[in-house]
Structure formats: structure tokens, C-alpha cells
Amino acid sequence: AMASLDQSRASLDPAMSLKEALTGGGSDFIEVAGSRRHVVGYMKDFLFGPEQAGTPIGRLSGGERGRLMLARALATPSNLLVLDEPTNDLDFETLDLLQEMLADYQGTLILVSHDRDFLDRVGNSVLVAEGNGRWVEYAGGYSDMVAQRGAGIDARTLATKPAQETGKKAATAPQTTRDAKAKRKLSFNEKHALETLPARIDALQKDAMRLKAILADANLYSRDAALFAKTSGTLAKVETDLAKAEEDWLALEILREEIEG
């Protein structure tokens, strides 16, 4: 069975209460990975107070909505957990909590994230898109992946060789990769993007913070549902653009680090 968490948080009904979102109705209990727990106790695991049980989701902050989605995902019985940008909107305390819970997860975790530090702390292997539809797995976290690629360790070379040739060819693969990287230079467009993307990312982050501040108004949904919906839609677009900009910058930064060794 699979459980998942997407970065859009789109599955949340803003009119539903926190308790209803966790239990699926009016029950006081929730099934968590096969065990029956009181919903208030489970809420406390995710830093929610008992008084928040009846709070409409529309009144929760971005960080609180993120914690709610994590609580729902981790309550689902599964042996495969897929998390898309789970650290979005989370404060340091919640990040530590998430790390602890994922460390205790009994199953396979697939994590999509631009948070390098989180990948280092949680992941034990990294899958990297190498172009032309090819994905390569590197042992360890993000930093380990960068170190391996910088050292010329390229799984593509080994993956394309027959099993009986792997031992023979492995020794020459790193030098071949390094030679190719030595000749590679960033194009003008790549350099320009690498220089300008940080400012665009910063601007998008500020837009997202401004929109989240508007949505943090506990009375916004009941006072002006149309404004709440419009602001939520704009925020979703900004977060999509931000994710794309961060992805582009990360790919270019990895390329730059590889070229410079």
C-alpha cells in the first residue's frame, strides 16, 4: 500500500475541521498504521493543541496545514511513502519532528525535495536525472551524490556495460568522465540563469510569504470566501513557479560544481 503527500496541499477542504480531516468524520479516534489512537493524542504528536480540534482548515497557517497533511499521510497504513517537498512551510521544530517520524517509518520512503540538508539527514540514496530520460542512483545523501559526481563516479557508465565487463571497465570510467567534464563549460544562457535565478527565487519566496500572511487571517474564509479562494490559487501558482525556479537553479549549481571539480 502507498501513502503520499503532495506540495500543493490541494486535497484539504478549507471548511473541514482539523479533527474531521484526521478522522474522516465525527469520530474521536483515528487508525494510525493499524493502531487505534485518540485523535487529540495524535494531534499533539504534530504540535497541535486540543483546542484546535474544531478549527476549520481554512484558518490554519501554511505550516499547520503542512503538519496536518503529514499527519494524514503517516496515519495511512503503507509500506511505501511518497513525499513531495515535505519541508515546505515547516519551522525548525516541525522539521526535527518530521525527521524523527521518517526515521521510524517501517517501509520505503521516496522523497522529492530541494532541501539539501534534509536530504542529507534523511536519505540513504539519491536518484538524479542525468538527461535523455536517464536516472542514476548514488549512495548516501545529497552531499555524497555531489562528491561522487565530482570524483567522476558516474553510474551511467557502469549501467550500460554487461555484468561480466563491469569490473574491467570500472577503473577507466572515472577518468573518462573527468575528461568529459574538463571540456564542458557553462553556456552563456546557463551562466545568466545561474546569476539571475537567485533573485527570482527570492522574489517568489517573498510573494509566497505575503500571500501566506493574508491566508493566516483566521477570519478570512468566513469573511470573504472569494478572496480566500483567489489568494489560495495565486499562492499555488507562485509555489509552482518557485519550485520550477529552484529546480532549474539546483540543476545548474550541480553542473557548475561538477565542472569546477
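Please treat every number below as a calculation from the coordinates, not as lab data. Computed from a predicted model, the values in this text were never measured in an experiment. Every residue, glycine among them, receives a Cβ derived from its backbone with ideal geometry; neighbour counts consider all protein chains shown.
Applying the Karplus relation 6.51 cos²θ - 1.76 cosθ + 1.60 with θ = phi - 60° to segment 136-148 yields 3J(HN,Hα) values of 10, 9, 10, 5, x, x, 4, 4, 5, 4, 4, 5, 5 Hz, where x marks Gly and Pro. Couplings for segment 204-214, taken from phi via the Karplus curve 6.51 cos²θ - 1.76 cosθ + 1.60 with θ = phi - 60°, read 5, 5, 5, 4, 5, 5, 5, 5, 5, 5, 5 Hz in order; Gly and Pro are left as x. In terms of its Cα atoms, segment 17-88 spans 32, 29, 18 Å along the principal axes, sorted from long to short. Remark: the residue 76-residue 13 segment gains 20.9 nm on full extension, using 0.36 nm per residue and subtracting the alpha carbon distance. The string of couplings for segment 232-239 from the Karplus curve (6.51, -1.76, 1.60, θ = phi - 60°) is 4, x, 5, 4, 4, 5, 4, 5 Hz, one whole number per residue in order, with x for Gly and Pro. Among 114, 192, the order by Cβ neighbours within 10 angstrom, fewest to most, reads 192, 114. The label-point distance for residue 29 and residue 256, in a model that sets each label 7 Å from Cα toward Cβ, rounds to 5.6 nm.
For segment 188-260, the pair-distance distribution built from all alpha carbon pairs, in bins 10 Å wide starting at 0, is 19, 38, 22, 14, 7, 1 percent.
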